[in-house]
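To start, the structure itself, in structure tokens.
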Amino acid sequence: MSRYQLFINNEWVDPHSSRWLESQDPFSGEAWAEVPQADTVDVDRAVKAAADAFVGPWSRISASDRGLLLHKLGALVERDAERLAYAESRDNGKLMSEVLGQVKYMAKYFYYYGGLADKIQGSVVPIDKPGVFNMVRYEPMGVVASITPWNSSLLLTAWKLGTALCAGNTIVCKPSEFTSVSMYELAKLVEEAGFPPGVINVISGYGKDIGDHLVSHPQVARIAFTGGDEAGRRVYTTAAAHLKRVSLELGGKSPNIIFDDADQEKAANGVITGIFSAGGQTCMAGSRLLVQESIHDEFVERLLKITRSAKIGDPSKPDTQIGPVATRPQFEKVLRYIDIAKGEGARCVAGGRSLEGPEYGAGQFVEPTIFVDVDNSMRIAQEEVFGPVLSILRFKDEEDAIRIANDIRFGLAAGVWTKSLHRAMLLSERLRAGTVWINNYRSTSYTTPFGGFKDSGLGREGGVEAVKEYMEAKSVWISTDLNMPNPFVRRY
């Protein structure tokens, strides 16, 4: 069994606690690696290394050279994509085919932000004061704390890592204790790429042991968090007490809306992709399906046919379509929500059970589950399950669909399936969500911002705009007047 060490200041070091956590394979149930259990002493070491690098060697590297280092990291990720994907798939049970695609695409984040590093420009302001020259420059904030969940540890870290380093910051990465192995494998590539010591640091451990300390650390300038909304609130509250900059990419209960003029075959495939890919364990899952009344029954039957054909089992096999739930606590949570839905009066027309047998390994599987006769006030329609569970609701017309879709505290994403350009534009404007997909679902790109409205978070990741969320604007005033003004006259 492999044993990993903390990656601090470009050195591999044992945790101060001398304790390690077992990383378990969700499919087999077997421990396959050990990751260090950090404590607050390790947090202090990692943050100090990042802070020293920020004012030291990293500050003396040109923006162009920062970009070249990011580009080199991207190339190494591409080279070792299978090794990285294997580690993450073993950790979280995601399909190897899906994780491999994510890792290969993740390299493009480093290429993109590497290319942007020397293109962050300030501005000269046509100021309304005589005798002065004013310019605005953008400067990095300092040490960034990156905190990521277990469902897509590498890709979600890449979103933060690429942007933070592009802007000139240094970073301490804290992955989920359930999925830390892939991050340590990535750290090996950081070392190989030649980043100066302390620019990128990786620590692992329980959030309750080191999370608050990392977020509140006086040398941490910014927190970039992805996870559940409850944990996000704790991070936000802790950070607010220290007036820290925060971005939060939280959960969702995203509506996927099917109108009667939609291409039903494409829409059905989009719905299945939106909820059952990654076993529903994704923040953007289209877990609320809104179907127009006139096609409701026909469309549900189409979905059931596809769902019943799903290949469930070992995530390492190329023909597997749905893998296990990543962690035991999450597995039990999903089953509880299925019971809650049944108790509320929703009718289960597919799935609804756990799966056991030799083909299901340790049995951490939930059948792809579909509920009909769901009212939007039910918990199954309002609360994030984060599993392979779909709730189907009926709607009458555009206004009814918009009302139901927006009647929720989340606002991460939404899907609309229609052939009407007018309807597509109308809903893209009126749906309260950070991303709206029209006739597709779950598309993302490093070129465009991603984030949520309402309880789905704060700030955006991706695109050019995200870089300045990792920077501070500084206004510089330079006097061009050779005559000193009267000191008693205030220059408004």
Among the residues of region 84-123, which ones are open to solvent by less than 10 Å² (accessible area, probe 1.4 Å) and of a type in the set (Val, Ile, Thr)?
Val99, Val103
Residue satisfying condition, being part of a helix (DSSP H, G or I) and either without any contact (Cβ under 8 Å) to a residue 24 or more places away in the chain or not charged (D, E, K, R) (or both), within set Val300, Val325:
Val300
Quick one: which residue in Ser28, Ser23 is outside any helix (DSSP H, G or I), closer than 29 Å to Gly357 by Cα and in contact with a Phe, Trp or Tyr (Cβ under 8 Å, 6 or more places away or on another chain)?
Ser23
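One line per residue, one yes/no per condition, for (1) closer than 23 Å to Gly415 by Cα; (2) surrounded by 14 or more Cβ atoms within 10 Å (Cβ to Cβ):
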residue: Gly343; (1), (2): no, no
residue: Gly351; (1), (2): no, yes
residue: Val366; (1), (2): no, yes
residue: Phe371; (1), (2): yes, yes
residue: Ile380; (1), (2): yes, yes
residue: Ser391; (1), (2): yes, yes
residue: Lys396; (1), (2): yes, no
Residue within region 96-116 that is in contact (Cβ under 8 Å) with a residue 60 or more places away in the chain and of a type in the set (S, T, N, Q) present:
yes
Please count how many residues of region 70-83 are surrounded by fewer than 21 Cβ atoms within 10 Å (Cβ to Cβ) and more than 30 Å from Ser17 (Cα to Cα).
9
Condition set modelled with pLDDT of 95 or more and among the aliphatic types (A, V, I, L, M), scope region 473-492, selection nearest to Tyr113 (Cα to Cα): answer is Ala473
Which of the residues spanning region 270-297 are in a helix (DSSP H, G or I) and either without any contact (Cβ under 8 Å) to a residue 24 or more places away in the chain or more than 26 Å from the chain's Cα centre (by Cα) (or both)?
Glu293, Ser294, Ile295, His296, Asp297
Determine whether Val190 is β-branched (Val, Ile, Thr), over 20 Å from the mean Cα position of the chain (by Cα) and at pLDDT 95 or above.
yes
In region 159-168, residue surrounded by the most Cβ atoms within 10 Å (Cβ to Cβ) [restricted to those that are at negative phi and touching a helix residue (DSSP H, G or I) at 6+ places or on another chain (Cβ under 7 Å)]
Thr163
Any chance Thr418 is in contact with a strand residue (DSSP E or B) (Cβ under 8 Å, 6 or more places away or on another chain) and either more than 24 Å from Glu88 (Cβ to Cβ) or surrounded by fewer than 16 Cβ atoms within 10 Å (Cβ to Cβ) (or both):
yes
Can you find a residue that is assigned to a strand (DSSP E or B) and within 30 Å of Asp481 (Cα to Cα) anywhere in region 104-124?
yes
Count - residues of region 208-236 that are in contact (Cβ under 8 Å) with a residue 40 or more places away in the chain and either open to solvent by less than 20 Å² (accessible area, probe 1.4 Å) or not charged (D, E, K, R) (or both)
20
Which listed residue is farther than 16 Å from Arg288 by Cα and surrounded by fewer than 22 Cβ atoms within 10 Å (Cβ to Cβ), from Arg460, Arg409:
Arg460
Got a sec? Which of Val41, Val35 is within 19 Å of Cys173 (Cα to Cα) and either open to solvent by less than 20 Å² (accessible area, probe 1.4 Å) or in a strand (DSSP E or B) (or both)?
Val35
Go over the candidates Lys419, Lys474, Lys468 one by one and state the one that is of a type in the set (D, E, K, R) and within 28 Å of the chain's Cα centre (by Cα).
Lys468
Anything in region 275-318 that is under 20 Å from Gly411 (Cα atoms) and surrounded by fewer than 18 Cβ atoms within 10 Å (Cβ to Cβ)? List them, or say none.
none
Complete set of residues in region 4-31 that are under 16 Å from Ser89 (Cα atoms) and either among the charged types (D, E, K, R) or in contact with a Lys or Arg (Cβ under 6 Å, 6 or more places away or on another chain) (or both)
Glu22, Asp25, Glu30
Checked region 263-274 for anything open to solvent by less than 10 Å² (accessible area, probe 1.4 Å), touching a helix residue (DSSP H, G or I) at 6+ places or on another chain (Cβ under 8 Å) and not β-branched (Val, Ile, Thr); matches are Ala267, Ala268
Region 44-69, residues that are open to solvent by 60 Å² or more (accessible area, probe 1.4 Å) and over 15 Å from Ile203 (Cα atoms)
Asp52, Val55, Ser59, Arg60, Asp65, Leu68
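The values are calculated or read from the model by the stated rules, or taken from the named source; none is laboratory data. Since the model is a prediction, treat every value here as computed from it, not as a measurement. In this analysis, Cβ positions are derived from the backbone assuming ideal geometry, glycine residues included, and neighbour counts consider all displayed protein chains. These area figures cover heavy atoms from the full protein model, side chains too; ligands, DNA and RNA do not enter into them. Shrake-Rupley method; radii C 1.70, N 1.55, O 1.52, S 1.80 Å.
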